[in-house]
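Q: Structure in structure tokens, see below.
The values are calculated or read from the model by the stated rules, or taken from the named source; none is laboratory data. Source: prediction; values computed, not measured. So basically every Cβ, Gly included, is an ideal-geometry build from the backbone, and we count neighbours across all protein chains shown.
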Amino acid sequence: MTEAPLRKILSLALPALVVLAAEPVYLLVDTAVVGHLGGTALASLAIGGGVLAVAAWIGNVLAFGTTAKSSRLYGAGRRAEAVAEGVQSSWLALAAGVLLAVAAQFGAGPLARAMAGTGEIADGAETWLRIASLGAPGILLALAGNGWMRGVQDTRRPVWYVLGANLLSAVLCPILVYPAGMGLTGSAVANVIAQTLSGGLFVWALVAEKVPLAPHPGMLLRQLTLSRDLVIRGFAFQASFLSAAAVAARFGAAALAAHQIALQLWMFCAFVLDALAVAAQSLIGAELGAGREEVARRTAWRITRLGGYCGVAFGVVIAASAWWLPDLFTGDQAVHQQAMIAWPWFVAMQPIAGVVFALDGVLVGAGDIRYMRNMTIVAALGGFLPVVWLAYVLDLGLGGVWAGLTVFMVVRLVALMARLMSGRWAVAGAVRA
């Protein structure tokens, strides 16, 4: 066998697609529901949601690190040890989630005012964040659960766990916001319900595996060491996206609301395209764990090509939907006009994103985390942040913000392709040296 067959890639990618799309679809529903409360409420959601994204970032750090270790152990025929990595990452997830929820009760106000100044937008963001942060433990537990399940190539059970929770919340959100009269607060409550239910289901899956559930200090320390580079990489992402929201806020409520619409749509596309990255994580890790380096290299190239094809298709669809899609999220003409400023950048990024996200999955599966850390820091400090803050200084508006995001993706594309062609990421063994 020279590469993973297309059927195997799709058998992992398609269930993962449902899981990955469920959360952004819910966020799009949330954005649409809140958007019809007005531009101020949508801007508050943009600020609050941007801060809460830190929880998802930490969860993804745990998920990526767990997948990198679990997939190699699974490929080496050591499934019980692969699941044990999930137990330890779940303990870390629970601890981090509780800390975030507590910290938000004290820090929501200062954070909201730092990003949006004083006024209605900051007040709404503070209230939303205090409530929604209570779902942080569930967010992190669900992502840690996805990490070990991807490692053992079980992408089917997460479909039911994530999809069920998010469907329930998508039904509750409009009910709580409008008939129940809770407004923006109803959105936060629906978030908490969805995330807590999802996290509980992944904990139940671990219990059903009948493996030891006690925390293991040595394994926890090794996971924290592996996560260090992912945390640093994540800081670069968070600094970039929070800066983008802060700069967009300086251009007014309409610009910030439009940024929220475009960003949530972009995140939806990113999560869908990440389905191939999930397949890459599982397959590349397993092949390297089994000592099949050449198969891993060929599979990496195949998944990269598939990512590029999917990105081009997304770009065509998004370009064709420009005349009607933003209207699903707002009836405010000023917000719509601002969204159209970001739209060309949004479209242009899709082919790039398709390749970048696929290659992210390849390097995560290979455990090549240090290179990913360095590459992301360079892209953020040398691309995104200078452009986005220059947009503020020169008053370039929302177009400048999205130009910064495009530069960020281009730098990552160049660095990832260089790494793929070098072949230095493909190190065989049950544990990466």
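Q: Given the conditions (1) closer than 30 Å to Ala366 by Cα; (2) not in a helix (DSSP H, G or I), report the number of the one that Gly138 does not fulfil.
A: (2)
Q: Starting from region 33-58, take each residue that is outside any helix (DSSP H, G or I) and list its partners that are not hydrophobic (A, V, I, L, M, F, W, C), counting only C-beta distances under 8 angstrom and pairs at least six apart or across chains.
A: Hits for this filter: His36/Thr330; His36/Gly331; Leu37/Gly183; Gly38/Asp332.
Q: Among the numbered criteria (1) over 17 Å from Gly59 (Cα atoms); (2) of a type in the set (Asp, Glu); (3) touching a helix residue (DSSP H, G or I) at 6+ places or on another chain (Cβ under 7 Å), which one does Asp229 miss?
A: (1)
Q: Going residue by residue through region 191-203, is there one that turns out to be surrounded by fewer than 21 Cβ atoms within 10 Å (Cβ to Cβ), of a type in the set (A, V, I, L, M, F, W, C), in a loop (DSSP other than H, G, I, E, B) and in contact (Cβ under 8 Å) with a residue 24 or more places away in the chain?
A: no
Q: Checking Arg373 against (1) within 23 Å of Ala257 (Cα to Cα); (2) of a type in the set (D, E, K, R); (3) in contact (Cβ under 8 Å) with a residue 60 or more places away in the chain: exactly one of these is not met. Which one?
A: Only one criterion is unmet by Arg373, namely (1).
Q: If you scan region 321-346, which residues turn out to be in contact (Cβ under 8 Å) with a residue 60 or more places away in the chain and in a loop (DSSP other than H, G, I, E, B)?
A: Phe329, Thr330, Gly331, Asp332
Q: Kindly evaluate Gly291 against the criterion of being over 20 Å from Ile369 (Cα atoms) and in contact (Cβ under 8 Å) with a residue 12 or more places away in the chain.
A: So Gly291 does not fit the description; no.
Q: Can you pull out every residue in region 412-428 that is assigned to a helix (DSSP H, G or I) and β-branched (Val, Ile, Thr)? Explain how you work it out, then say what you get.
A: Step one: list which residues in region 412-428 are assigned to a helix (DSSP H, G or I), which gives 412-422.
Scanning region 412-428 gives a single hit, Val414.
Q: Since Leu206 meets every condition but one in (1) surrounded by fewer than 19 Cβ atoms within 10 Å (Cβ to Cβ); (2) more than 30 Å from Gly399 (Cα to Cα); (3) touching a residue at least 60 places away in the same chain (Cβ under 8 Å); (4) touching a Gly at 6+ places or on another chain (Cβ under 8 Å), which condition does it not meet?
A: (1)
Q: For region 55-72, give me each residue that is buried (at least 24 other Cβ atoms within 10 Å of the Cβ) and within 19 Å of Thr155 (Cβ to Cβ).
A: Our first condition is that a residue be buried (at least 24 other Cβ atoms within 10 Å of the Cβ); within region 55-72, this holds for 55, 58-59, 61-72.
Within region 55-72, Gly59, Leu62, Ala63, Phe64, Gly65, Thr66, Thr67, Ala68, Lys69, Ser70, Ser71, Arg72 meet the criteria.
Q: Is there a residue being closer than 24 Å to Phe237 by Cβ, surrounded by 15 or more Cβ atoms within 10 Å (Cβ to Cβ) and not aromatic (Phe, Trp, Tyr) anywhere in region 323-336?
A: The answer is no, given that none of the residues of region 323-336 is closer than 24 Å to Phe237 by Cβ, surrounded by 15 or more Cβ atoms within 10 Å (Cβ to Cβ) and not aromatic (Phe, Trp, Tyr).
Q: In the set Leu99, Leu92, Leu111, which member is touching a residue at least 40 places away in the same chain (Cβ under 8 Å) and within 30 Å of Arg72 (Cβ to Cβ)? Break it down into steps so the answer makes sense when it comes.
A: Details: Leu99 fails: touching a residue at least 40 places away in the same chain (Cβ under 8 Å); Leu111 fails: within 30 Å of Arg72 (Cβ to Cβ).
Going through Leu99, Leu92, Leu111 in turn, the sole match is Leu92.
Q: Here is a further query. Please find, among Arg150, Arg222, Arg250, the residue that is among the basic types (Lys, Arg) and under 28 Å from Leu381 (Cβ atoms). Step through it out loud before you land on a result.
A: On the way: Arg150 fails: under 28 Å from Leu381 (Cβ atoms); Arg222 fails: under 28 Å from Leu381 (Cβ atoms).
Only one candidate qualifies: Arg250.
Q: Only residues that are within 15 Å of Asp368 (Cβ to Cβ) and of a type in the set (A, V, I, L, M): list them for region 269-282, please.
A: Initially, region 269-282 is screened for residues within 15 Å of Asp368 (Cβ to Cβ), giving 277, 280-281.
Of everything in region 269-282, those that are within 15 Å of Asp368 (Cβ to Cβ) and of a type in the set (A, V, I, L, M) turn out to be Ala277, Ala280.
Q: Here's a follow-up. Looking at Val54, Val83, Val25, which one is among the aliphatic types (A, V, I, L, M) and either modelled with pLDDT of 75 or more or touching a His at 6+ places or on another chain (Cβ under 6 Å) (or both)? Even if it seems obvious, please write down each step before you answer.
A: Working: Val54 fails: either modelled with pLDDT of 75 or more or touching a His at 6+ places or on another chain (Cβ under 6 Å) (or both); Val25 fails: either modelled with pLDDT of 75 or more or touching a His at 6+ places or on another chain (Cβ under 6 Å) (or both).
Selected residue: Val83, the only one of Val54, Val83, Val25 that is among the aliphatic types (A, V, I, L, M) and either modelled with pLDDT of 75 or more or touching a His at 6+ places or on another chain (Cβ under 6 Å) (or both).
Q: While we're here: For Leu221, which of the numbered conditions (1) surrounded by fewer than 18 Cβ atoms within 10 Å (Cβ to Cβ); (2) in contact with a His (Cβ under 9 Å, 6 or more places away or on another chain); (3) among the aliphatic types (A, V, I, L, M) fails to hold?
A: Only one criterion in (1) surrounded by fewer than 18 Cβ atoms within 10 Å (Cβ to Cβ); (2) in contact with a His (Cβ under 9 Å, 6 or more places away or on another chain); (3) among the aliphatic types (A, V, I, L, M) is unmet by Leu221, namely (2).
One line per residue, one yes/no per condition, for (1) touching a Leu at 6+ places or on another chain (Cβ under 9 Å); (2) within 29 Å of His36 (Cα to Cα):
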| residue | (1), (2) |
| --- | --- |
| Pro217 | no, no |
| Thr225 | no, no |
| Ile232 | no, no |
| Ala248 | yes, yes |
| His259 | yes, yes |
| Ala262 | yes, yes |
| Leu276 | yes, no |
| Ser282 | yes, no |
| Ala286 | no, no |
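Q: Also: Identify, please: which residue in region 143-190 is within 24 Å of Leu37 (Cα to Cα) and polar (S, T, N, Q) and is, among those, surrounded by the most Cβ atoms within 10 Å (Cβ to Cβ)? Lay out the reasoning, then the answer.
A: We begin by selecting, within region 143-190, every residue within 24 Å of Leu37 (Cα to Cα); these are 166-190.
Right, trim to polar (S, T, N, Q) and you get 166, 169, 185, 187.
On the way: Asn166: 24, Ser169: 26, Thr185: 18, Ser187: 29.
It comes out as Ser187.
Q: Let me ask something else about it. Output the residues belonging to region 366-396 that are in a helix (DSSP H, G or I) and over 17 Å from Gly234 (Cα atoms). Talk me through it step by step, then tell me what you get.
A: Here is the first cut: in region 366-396, the ones in a helix (DSSP H, G or I) are 366, 369-393.
Ala366, Pro386, Val387, Val388, Trp389, Leu390, Ala391, Tyr392, Val393 - these are the residues of region 366-396 that are in a helix (DSSP H, G or I) and over 17 Å from Gly234 (Cα atoms).
Q: Would you call Thr40 of a type in the set (Ser, Thr, Tyr), crowded, with 20+ Cβ neighbours inside 10 Å and either modelled with pLDDT of 80 or more or closer than 30 Å to Asp368 by Cα (or both)? Give the derivation first.
A: Working: of a type in the set (Ser, Thr, Tyr): yes; crowded, with 20+ Cβ neighbours inside 10 Å: no; either modelled with pLDDT of 80 or more or closer than 30 Å to Asp368 by Cα (or both): yes.
When the stated conditions are applied, Thr40 does not pass them.
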